[in-house]
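Working notes, structure below.
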Amino acid sequence: MIVLPNKNTSKIAIKLKPNTEVLVKRGHPWVFENSILKQNKEGESGDLAVIFDSRKNKFLACGFYDPNSPIRIKILQANTPATINTEWFTNKIKEAYKKRIPLLKTNTNSYRLIYGENDGLPSLVADVYDSILVVKLYSSFWFFYLKDVLPTLIETSNAKTAVLRLSRNVQKDGNEFNLTDGQILDGVLKNEVIIFKEHGINFSANVIHGHKTGYFLDHRANRKKVGTMAKGKTVLDVFSYAGGFSIHALAGGAKEVTSLDISKPALEIAKENAKLNPFTGTHKTIAGDAFEELSKLAEANTKYDIVVIDPPSFAKSASEVDRALASYKKLTTLGLQLVNKKGTLVLASCSSRVTAEDFFNLVEDTLSKNHVEYTIKEKTMHDVDHPIGFKEGAYLKCIYVQIN
């Protein structure tokens, strides 16, 4: 293991505006810059903010101070005082691991061990691909605490290699410890492309250059579900990226699967992922803009038994929500034109700004306005390794619609 930074940090005394104080007492993990009433000194990244109750002047909470973010404090501990040290971090990691045990009893060796705020460790993600641990930092304050969490993350995951990934913002801010995106923190990485299992299906992840930590683990349960529905069917996987739904469908005995994505390199990865598993169906790919390609398929009166539409986030901010809803409506309408009678339309959203209620209501409203007879077979949210610890931590929603 490389020698990790060991630098002293300070404590800052903070008092909050009354409304925010109430939210923190209830367990919300974020304090925005404009919610701070007063603090005893300027803070730096890595400092520990200790928040005091404005009336009783007693401990209310403590968290990481982040001068580079409008979310100025990320709460670690509320209501009950605690010493934030290696033992405290170790207990959090062990608690998180226990939640994942049911998943790890399946034929799966890829999972999210730490999911940021939702596991009580804000701005930290730790994903495991077979024997490779990928630690991703979304805030520079973690540079000061890597020494406290990395050994336990490695021990808990039984990883042979640990890789560091940094978000764009953290890379932009830089760090005084010369830690870099893609750096090997422990062990040896013989190949940056790792083969892992997801419910018995083989996939690959590029842990150095891939999106996020190398792959999108969150849709695992939905991919498995589509695979179990696919035997003898024709399947269209829209926004397929590296072919998650496509490969499960092929492995599940689909007659024909079409992966559609704007990225040709992603489609090449999808083809390679398919080859990691035995299948007898035909695997086709379409490279192009999803809206344009779906329109072309609809004009040609092409039909599929299962259509999966899983777009990237359409709303990064509140101002983009209306546009996102309009896009989901358009995709639902296009998807309807491509599904066979008795077929299934699977629609998903990963826009955290769009609530599950709004998304599901929009889908059903669009179905009704298109005078479609349908049955909602299921609505799903996060898999077990993506627990929801607070309202904003929920982003993934998926709906299965059978066309009658």
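In region 364-379, the residue that is surrounded by the most Cβ atoms within 10 Å (Cβ to Cβ) out of those that are free of Cβ contacts under 8 Å to residues at least 24 places away in the same chain and basic (Lys, Arg) is Lys379.
Taking region 380-392 as the range and being open to solvent by less than 30 Å² (accessible area, probe 1.4 Å) and either polar (S, T, N, Q) or over 21 Å from Ile101 (Cα atoms) (or both) as the test, the residues that pass are Thr380, Phe390.
The residues of region 294-309 that are open to solvent by less than 30 Å² (accessible area, probe 1.4 Å) and either of a type in the set (S, T, N, Q) or under 28 Å from the mean Cα position of the chain (by Cα) (or both), listed by number, are Leu294, Ile306, Val307, Val308, Ile309. Of all the numbered requirements in (1) open to solvent by 20 Å² or more (accessible area, probe 1.4 Å); (2) assigned to a loop (DSSP other than H, G, I, E, B), Ile195 misses one, and that requirement is (2). Please enumerate the residues belonging to region 143-178 that are under 18 Å from Lys94 (Cα atoms) and aromatic (Phe, Trp, Tyr). The answer is Tyr145, and nothing else. For region 300-330, which positions are in a loop (DSSP other than H, G, I, E, B) and touching a residue at least 12 places away in the same chain (Cβ under 8 Å)? If the condition is that a residue be in a loop (DSSP other than H, G, I, E, B) and touching a residue at least 12 places away in the same chain (Cβ under 8 Å), then Thr302, Lys303, Asp310, Pro311, Pro312, Ser313, Phe314, Ala315, Lys316, Ser317 are the ones that fit. Residues in region 346-363 that are assigned to a helix (DSSP H, G or I) and open to solvent by less than 10 Å² (accessible area, probe 1.4 Å): Phe359, Val363. Restricting attention to region 49-77, the residues that are open to solvent by 30 Å² or more (accessible area, probe 1.4 Å), of a type outside the set (Ser, Thr, Tyr) and either closer than 20 Å to Phe390 by Cα or touching a strand residue (DSSP E or B) at 6+ places or on another chain (Cβ under 9 Å) (or both) add up to 7. Restricting region 1-27 to residues that are more than 23 Å from Thr152 (Cβ to Cβ) and in contact with a helix residue (DSSP H, G or I) (Cβ under 8 Å, 6 or more places away or on another chain), the residue that is least open to solvent (accessible area, probe 1.4 Å) is Leu16. Among the residues of region 131-180, those identified as open to solvent by 50 Å² or more (accessible area, probe 1.4 Å) and farther than 23 Å from Thr9 by Cβ are Glu155, Asn158, Lys160, Arg168. Candidates are the residues of region 226-269 that are open to solvent by 30 Å² or more (accessible area, probe 1.4 Å) and part of a helix (DSSP H, G or I); the one that is farthest from Ile201 (Cα to Cα) is Lys264.
The values are calculated or read from the model by the stated rules, or taken from the named source; none is laboratory data. The structure presented is a predicted model; accordingly, all values stated were derived computationally and were not measured. All Cβ positions, glycine included, derive from the backbone under ideal geometry; neighbour counts span all protein chains shown. Accessible surface areas use protein heavy atoms only, side chains included; no ligands, DNA or RNA. Shrake-Rupley method; radii C 1.70, N 1.55, O 1.52, S 1.80 Å.
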